[in-house]
Each structure stands twice: as C-alpha cells, then as structure tokens.
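Peer 1: One structure coming up, written as structure tokens, with questions to follow.
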Amino acid sequence: MADNTDDVREAARKRLESRRGFVPHLLVFLAVNTMLVLIWWVTSAPSFFWPIIPIAAWSIGILAHAWDAFFSKPITEEDIDRELQRWRHKPGFR
C-alpha cells in the first residue's frame, strides 16, 4: 500500500511542477517573441514576417506544456485494466 501511495504522491508532485513551470515558460515565450517582433519591425518591417517561424515552432511546445499541465489525466489502475481487457480481445493475444 505504501508503494501505491508513494506513486500517487510522485505523480501529484510532477503534475504540480508542470503547472508551476508553465507560467515562467509562457512569460519567456512572450518576452523572447516580442523582442523578435521588435527586431523585425526596427530592421525590416515591410519584408517577410520571419518571427512567425520561431513563434509557430515554440507555440507547439507551449501548447504541449499546457496540455500536460492542465488537461491530461494521470493514468489510473482502471485505465491499465481497461487496456489489458482490450488486448485480451485482440486476435493473436496469448
């Protein structure tokens, strides 16, 4: 029982770390990309908006971090049991 409690506590700790790490990640994202847009604006505003490339790429990371921190559910024993049941009903499962 202690092992299960330790596993749950560890999962909760990781979830909290991810949530707490999201805001600094978002602030750095906003600061750096604002700086890139300002550099583009000062140096070559009427040309191709090249800051969109790092903004788009980094946005994928921000969205993945947000999903992990706020929307993903931890895997439960019921989830594992349900997946095992699905495997057992597949052809070729031993």
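No value in this document is a laboratory result; all are computed from the given coordinates. On a predicted model such as this, the values are computed, not experimentally measured, just so you know. Positions of Cβ are backbone-derived with ideal geometry, glycine not excepted, and every protein chain shown enters the neighbour counts.
Peer 1: One quarter of the convex hull surface, Cα atoms only: what value does that give for region 2-88 in nm²? List each step's numbers first, then the result.
Peer 2: Details: hull surface 33.0 nm².
Taking a quarter of the hull surface, the average projection is 8.2 nm².
Peer 1: Another question, if that's okay. Counting other Cβ atoms within 10 Å of each Cβ, which chymotrypsin sites (Phe, Trp or Tyr not before Pro) in region 7-89 have at most 16 and sit in a DSSP loop?
Peer 2: Filter output for region 7-89: PHE48, PHE49.
Peer 1: Still on this structure: Treat each spin label as a single point 7 Å out from the Cα along the C-beta direction, and report the ARG19 to ILE75 distance in nm.
Peer 2: Here the modelled spin labels are 2.2 nm apart.
Peer 1: Right, next: If you plug each phi of region 9-14 into the Karplus form 6.51 cos²θ - 1.76 cosθ + 1.60 with θ = phi - 60°, what whole-Hz ³J(HN,Hα) values come out, in order, with x for Gly and Pro?
Peer 2: 4, 5, 5, 5, 4, 5
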